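Colleague: Dropping the structure in here first, questions after.
Read the figures in this text as sums done on the coordinates, not as results from a lab. What you see is a predicted model; the values in this text were computed from it and never measured. Quick reminder, even Gly has a Cβ in these numbers, built from the backbone with ideal geometry, and neighbours come from all protein chains shown.
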Amino acid sequence: MSEKELEPQKNQETPKASRPHKILVAEDNPVVRKGLNNFLVKWGYEPVEVENGDMAWNTLEADSTITMAILDWNIPGLSGIQVCQRIRMRKDGPYVYTIIFSARSSIEEQVLALEGGADDYLVKPAKPSLLRARLGVGRRILNLLP
């Protein structure tokens, strides 16, 4: 493809890329949640914090502007995996790019999460630069959607 063929596509992505992505952060540990919040704000995202899976699901149902979610696997109420599965089963609402953020590090658990509908999986503790890069992948994918 020539540069001219790519140029219109870049122009179409610019308006979406300029809007901050609203990210649901479902984490029951207040220290981890605050740390994630601080990084997300610094990187230009708009975090929405909840401390359990039931709150995460209710927030997603009530706020259709949330485009990304970082879900701890082991949160009270609905687990992060259950929230993710509900996101994938719903008929309306926006696509939500979902990252499971968990201390569970086995390959089998990572596969289970991805097969359950997660877009990505990060093992705690994760380097902030890795989370930032994974969120960048999510933004690129979301910017391709209509």
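Colleague: Mind listing the phi-derived Karplus ³J(HN,Hα) values for segment 84-94, rounded to whole Hz, using 6.51, -1.76 and 1.60 with θ = phi - 60°, and x for any glycine or proline?
Modeller: Ordered by residue, 3J(HN,Hα) equals 4, 4, 5, 4, 6, 8, 6, 8, 10, x, x Hz.
Colleague: Give a residue-ordered list of calculated ³J(HN,Hα) values for segment 119-136 (Karplus: 6.51 cos²θ - 1.76 cosθ + 1.60, θ = phi - 60°; whole Hz; x for Gly, Pro).
Modeller: 8, 7, 9, 10, 8, 6, x, 10, 5, x, 5, 6, 4, 4, 5, 5, 5, x
Colleague: Amide H to amide H under 5 Å from T98: which residues, 5+ apart in sequence or cross-chain, H placed 1.01 Å off N in plane?
Modeller: Counting only residues 5 or more places away or on other chains, the set is A69, D119, D120.
Colleague: Of L135, L78, P94, which is farthest towards the positive pole of the chain's charge dipole, taken about the Cα centre with +1 and -1 on the beta-carbons of Lys, Arg and Asp, Glu respectively?
Modeller: L135
Colleague: Loop-only chymotrypsin sites (Phe, Trp or Tyr not before Pro) in segment 66-97, please: DSSP not H, G, I, E or B, and at most 16 other Cβ atoms within 10 Å.
Modeller: When the chymotrypsin sites (Phe, Trp or Tyr not before Pro) of segment 66-97 are filtered for loop state and at most 16 Cβ neighbours within 10 Å, Y95 remain.
Colleague: Could you run the Karplus curve 6.51 cos²θ - 1.76 cosθ + 1.60 with θ = phi - 60° over segment 56-62 and give me ³J(HN,Hα) per residue in whole Hz, x for Gly and Pro?
Modeller: My calculation for segment 56-62 gives 4, 5, 4, 5, 5, 5, 8 Hz in order.
Colleague: Next up: Compute, for the chain, the length of the dipole vector about the Cα centre, with Cβ point charges of +1 (Lys, Arg) and -1 (Asp, Glu) only. Units Debye, rounded to 20.
Modeller: Taking the Cα centre of the chain as origin, the dipole is about 380 debye.
Colleague: Most fluctuating residue of A62, A26, A113 in a GNM of the chain with Cα springs under 10 Å: which is it?
Modeller: Maximum among the listed residues: A62.
Colleague: Tell me, F101, F39 in order of fewest to most beta-carbon neighbours within 10 Å? Write out the running numbers ahead of the final one.
Modeller: Working: F101 25, F39 16.
Listing F101, F39 from fewest to most nearby Cβ atoms yields F39, F101.
Colleague: If you don't mind, another one. Pick from L78, L60, L112: which residue has the top mean-square fluctuation in a GNM of the chain where Cα pairs under 10 Å get a spring?
Modeller: Between L78, L60, L112, it is L112 that shows the largest mean-square fluctuation.
Colleague: Sort all Cα-Cα distances of segment 3-144 into consecutive 10 angstrom bins from zero, then give the percent of pairs in each bin up to the one containing the longest distance.
Modeller: So the P(r) values, bin by bin, are 12, 43, 33, 9, 2, 0.
Colleague: I've got another one for you. Mind telling me which of L114, L24, L130 comes out most flexible in a GNM of the chain, alpha-carbon contacts under 10 Å?
Modeller: Checking each option, the largest mean-square fluctuation is seen for L130.
Colleague: Using the beta-carbon distance between K34 and R104 and R0 = 30 Å, what value does 1/(1 + (r/R0)^6) give for FRET efficiency, to the nearest 0.05?
Modeller: For R0 = 30 Å, the calculated efficiency reads 0.85.
Colleague: Can you list the residues, at least 5 places off or on another chain, whose amide H is less than 5 Å from the amide H of K22, using H built in the peptide plane?
Modeller: HN-HN under 5 Å from K22: E46, T67, M68.
Colleague: Report, in deg cm²/dmol and to the nearest 500, the calculated mean residue ellipticity at 222 nm for the chain, where each DSSP H run with n ≥ 4 adds -39500 (n - 2.57) and the sum is divided by the residue count.
Modeller: -16000 deg cm²/dmol, from helical runs alone.
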